[in-house]
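J.: Just dropping this structure here.
The values are calculated or read from the model by the stated rules, or taken from the named source; none is laboratory data. Just so we're clear, the structure is a prediction, and the values are computed from it rather than from any experiment. Here the Cβ positions follow ideal geometry from the backbone for every residue, glycine too, while neighbour counts run over all protein chains shown.
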């Protein structure tokens, strides 16, 4: 695989109990001749610019109400995308409208999946989702994000290193071919594993693919690709699928991480869409 250059474009990354919100780099809100900028305060960051770029981890014990995830140890994620947020609650995944105007937030009704967890986890999830629906104000200060409501709700999040959100094993659900994004062949489960030592392992159903990776903001570089040399005939087309995965890794230029992983080429076309593997 060839060495890839970095792109200067910046896009949201995000994951944990984590909150991922989309936008740009932090900017201080200053005053003007007519007084403070609306929604800003001296020394605070502009929330509308902060929401993105980062993954935010819920400080459950510091929040009001306190949110714990019990034996599951689940990370609660919140990902901002085009006026919506979605993510992982203590038990289920969820999605809702999330509109930011200055330091004001409007949150819509929350929709969730329907898994059943242990009673204490279900209780923590109900507390979190009800608190999220009551949020009406957002404040950002460095590596801390605070969502508050007029009735005393306060959800506190700490920033996570974007690269940390990428770590672990991902199961590919769509892979770019010469014609379009395709689902994996029946009987195969293509995977990508990003390790914290900068190594990458991938498999499309036959050979093991190894490489190194580096993340700079949302720019992803994958270098030094190599693979084992088995020839596989079952299922039919598995070698073509492996070649497609190799080409996709070769062309990777940008990544977005939320409740799923999406890798793009330098022209902005999707190459790989993946979900967190069960053991990831």
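J.: Of everything in the stretch 149-162, what is closer than 16 Å to residue 63 by Cα and within 23 Å of the chain's Cα centre (by Cα)? Give them in sequence order. Write out each step before concluding.
T.: Going through the stretch 149-162, the residues closer than 16 Å to residue 63 by Cα turn out to be 149-159.
Passing the criteria: 154, 155, 156, 157, 158, 159.
J.: Hey, another quick one. Taking the stretch 234-277 as the search range and keeping residues that are touching a helix residue (DSSP H, G or I) at 6+ places or on another chain (Cβ under 8 Å) and outside any strand (DSSP E or B), which one is surrounded by the most Cβ atoms within 10 Å (Cβ to Cβ)?
T.: Residues of the stretch 234-277 touching a helix residue (DSSP H, G or I) at 6+ places or on another chain (Cβ under 8 Å): 255, 257, 261, 263, 265-266, 271-272.
Next, only the ones that are outside any strand (DSSP E or B) stay: 265-266.
Values: 265: 18, 266: 15.
Here the residue is 265.
J.: Kindly provide the set of residues from the stretch 208-233 that are surrounded by fewer than 20 Cβ atoms within 10 Å (Cβ to Cβ), in contact with a strand residue (DSSP E or B) (Cβ under 8 Å, 6 or more places away or on another chain) and not in a strand (DSSP E or B), ordered by number.
T.: 217, 228
J.: What number of residues within the stretch 90-122 are more than 22 Å from the chain's Cα centre (by Cα) and not in a loop (DSSP other than H, G, I, E, B)?
T.: 6
J.: Something else now. Kindly indicate whether residue 198 is surrounded by fewer than 17 Cβ atoms within 10 Å (Cβ to Cβ) and more than 16 Å from residue 172 (Cβ to Cβ).
T.: Values: surrounded by fewer than 17 Cβ atoms within 10 Å (Cβ to Cβ): yes; more than 16 Å from residue 172 (Cβ to Cβ): yes.
Judged against the criteria, residue 198 is a match.
J.: Give, as residue ranges, the strands (runs of 3 or more DSSP E) completely inside the stretch 128-196 that count at least 3 residues that are assigned by TED's automatic domain parsing to the domain that holds residue 111 and touching a strand residue (DSSP E or B) at 6+ places or on another chain (Cβ under 9 Å).
T.: Working: elements: 137-141, 144-148, 154-160, 168-176, 191-194.
Ranges flagged: 137-141, 144-148, 154-160.
J.: Out of the stretch 197-207, which residues are assigned to a loop (DSSP other than H, G, I, E, B) and out of contact with any helix residue (DSSP H, G or I) (no Cβ under 7 Å at 6 or more places or on another chain)?
T.: First pass over the stretch 197-207, keeping only residues assigned to a loop (DSSP other than H, G, I, E, B): 197-198, 204-207.
Across the stretch 197-207, the qualifying residues are 197, 198.
J.: Which one is modelled with the highest pLDDT, of the residues in the stretch 90-127 that are buried (at least 17 other Cβ atoms within 10 Å of the Cβ), over 14 Å from residue 153 (Cα atoms) and in contact with a strand residue (DSSP E or B) (Cβ under 7 Å, 6 or more places away or on another chain)?
T.: The selected residue is 110.
J.: Which condition number does residue 77 fail, the rest of (1) on the phi < 0 side of the Ramachandran plot; (2) assigned to a loop (DSSP other than H, G, I, E, B); (3) modelled with pLDDT of 85 or more; (4) touching a strand residue (DSSP E or B) at 6+ places or on another chain (Cβ under 8 Å) being met?
T.: Tallying (1) on the phi < 0 side of the Ramachandran plot; (2) assigned to a loop (DSSP other than H, G, I, E, B); (3) modelled with pLDDT of 85 or more; (4) touching a strand residue (DSSP E or B) at 6+ places or on another chain (Cβ under 8 Å), residue 77 fails exactly one: (3).
J.: All but one of (1) under 30 Å from residue 91 (Cα atoms); (2) in contact with a strand residue (DSSP E or B) (Cβ under 9 Å, 6 or more places away or on another chain) hold for residue 265; state the number of the condition that does not hold.
T.: Only one criterion is unmet by residue 265, namely (1).
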